[in-house]
Amino acid sequence: MPARRTRTALAIGAVALAAVTTAVAIGSGTASAASTLGASAAEHGRYFGTAIAAGRLNDGTYTTIAGREFNMVTPENEMKWDATEPSQGNFQYGSADQIVNFATSRGMRVRGHALAWHAQQPSWAQGMSGTALRNAMLNHITQVATHFRGKIHSWDVVNEAFADGGSGGRRDSNLQRTGNDWIEAAFRAARAADPNAKLCYNDYNTDNWNDAKTQGVYRMVQDFKSRGVPIDCVGLQSHFTGGSDYPSNYRTTLSSFAALGVDVQITELDIRNANATAYANTVRDCYAVPRCNGITVWGVRDSDSWRSNESPLLFDGSGNKKQAYNSVLSALNEGTPTSPQPTTPGPSNPPSSPPPGGSGCTASIVPGTVWGDRYNTTVNVSGSTNWIVTVSLTSPQRMSSSWGANFTWPDAYTATVRPNGSGNSFGFTTMFNGNSSARPSVTCRTS
């Protein structure tokens, strides 16, 4: 992961669902091409995200592009150890909360980045070792993950713990010196603190399947899965230095990790000079692996990138779309949408009552923010904590993201919602797709 403006480019060889301008319109069984990155990824059951810095949220061009194009957000530095616990036991979440609020108010999801890392530790942690450091790390993970519980799609629990070079072994760090089980301990602490978030290991230079570092991470994940250590995903940063080092076996790497029973996420993608072919190939490789569920580019515009002199992103410094953007959008639109068209659309009226005959619970709709292309809805449930709510949409509207509960989709216009421990309230974002008048209906029954 890029550090705070000071990290130089390594020899690196080393993307729910939400705020988008135009989603697919379905008619006669054929989906039209989506016109934004997040909308297209959402139609294929994935996300396309970006890294966001709190200090740029007052830049109108920046926020317009981010809100229009992406449906996942990763804070660049605002959730790291030095930012969230500058002195021991003193937790500060202001900047991180600002980014989370920016995302959720626009129906976007959030990747948490990162709970444990050898870099960007506060000075007080850098001076620790042994049991004291291990306990401080575990407390930090517990406190931060608990603060954001229910708001995070995926956590980068541990970041960059493997060494570069040919050994395939762990990086020497103060955390590694607390004991070889420190990564496992970190994942177990994160699961206890935020049980419904996906827990990821994230690293760079793990793109080429033949590299020793890739194999080392693979062996760790294989071991964790065999012993029941709670790991759900592997993040490949994929900071490519150009089209030439996009590896021809990248798809093999993705599929090999996925075969272990974990999701794969491309977490920090940027490519020197924004090579359009390498960008498109990366998307196609992700789409070819069902468990590759998201891509995040590391920044909005070239001027926002930690590699700004290499022009590695999809928008130039003025916010204009580059050829790489067109290449990525075309690749995103190539596949078949994951949700089939239902034979009967859902009802268009939004009653706030239980189904006939009484069900032991009531679901009430609270209308939320409305944008030009989408709107938010909150649903409050009363009468029971063991509830199942059915949300029905009207064609061609489509749900693009959700939060606060567990959602499943029997078809494209119906969601079955169950509590996830976050309470009796949940929300979702719906794309108009040309129908700006209809609103959801809800019914509730006890489980």
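The values are calculated or read from the model by the stated rules, or taken from the named source; none is laboratory data. In this text, all values refer to a predicted model and were calculated from it rather than measured experimentally. Don't worry about glycine lacking a Cβ; one is built from the backbone with ideal geometry, like all the others, and counts go over all protein chains shown. The protein model used for the area step is the full one, side chains on, heavy atoms only, and it has no ligands, DNA or RNA in it. Shrake-Rupley method; radii C 1.70, N 1.55, O 1.52, S 1.80 Å.
Values computed for the structure shown
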{"item": "Option label - semi-axes √(5λ) of the Cα gyration tensor in Å computed here, alternatives (1) 62, 27, 20; (2) 61, 22, 19; (3) 35, 26, 20", "result": "(3)"}
{"item": "Mean residue ellipticity (222 nm) of the chain, computed from DSSP H runs ≥ 4 via -39,500 (n - 2.57), nearest 500", "result": "-7500 deg cm²/dmol"}
{"item": "Residue-wise HN-Hα coupling along the range 72-77, computed from phi with Karplus coefficients 6.51, -1.76, 1.60 (Hz; x: Gly, Pro)", "result": "8, 10, 10, x, 5, 10"}
{"item": "Cα gyration tensor category, rounded, prolate or oblate, for the range 210-334 with a/c compared to 1.5", "result": "prolate"}
{"item": "Modelled FRET efficiency - R0 35 Å, Asn435 with Ser105, Cβ distances, 0.05 increments", "result": "0.95"}
{"item": "Accessible area of the chain divided out per residue, in Å², using a probe of 1.4 angstrom", "result": "36 Å²"}
{"item": "Solvent-accessible area of Trp209 with every protein chain in place, 1.4 Å probe, in Å² to the nearest 10", "result": "50 Å²"}
{"item": "At R0 = 22 Å, FRET efficiency that the Cβ-Cβ distance of Arg170 and Gln143 yields, to 0.05", "result": "0.30"}
{"item": "Placed amide H near Ser384: partners under 5 Å, 5+ positions off or other chain", "result": "Thr362"}
{"item": "Between the range 75-152 and the range 370-447, the Cα center-to-center distance that results, in Å", "result": "30 Å"}
{"item": "Per-residue ³J(HN,Hα) for the range 420-431, Karplus 6.51 cos²θ - 1.76 cosθ + 1.60, θ = phi - 60°, Hz, x for Gly and Pro", "result": "10, x, 8, x, 9, 9, 8, x, 7, 10, 10, 8"}
{"item": "Carbon + sulfur, % of accessible area of the range 165-245 - ligands and nucleic acids excluded, 1.4 Å", "result": "43 percent"}
{"item": "Protection-proxy order for peptides 41-54, 86-99, 270-283, each taking the mean of Cβ atoms within 10 Å per residue, highest first", "result": "41-54, 270-283, 86-99"}
{"item": "The range 134-284, relative contact order [Cα under 8 Å, separation at least 6], %", "result": "22 percent"}
{"item": "Estimated vicinal HN-Hα couplings, Hz - the range 406-411 in sequence order (Karplus 6.51, -1.76, 1.60; Gly, Pro = x)", "result": "9, 10, 10, 10, x, 8"}
{"item": "Bridge type composition, the range 21-151 - antiparallel percent by DSSP, nearest 5", "result": "35 percent"}
{"item": "Total charge dipole magnitude, the chain, about the Cα centre, Cβ charges on Lys, Arg, Asp, Glu only, Debye to nearest 20", "result": "640 debye"}
{"item": "DSSP bridge pairs, the chain: antiparallel proportion in percent, nearest 5", "result": "50 percent"}
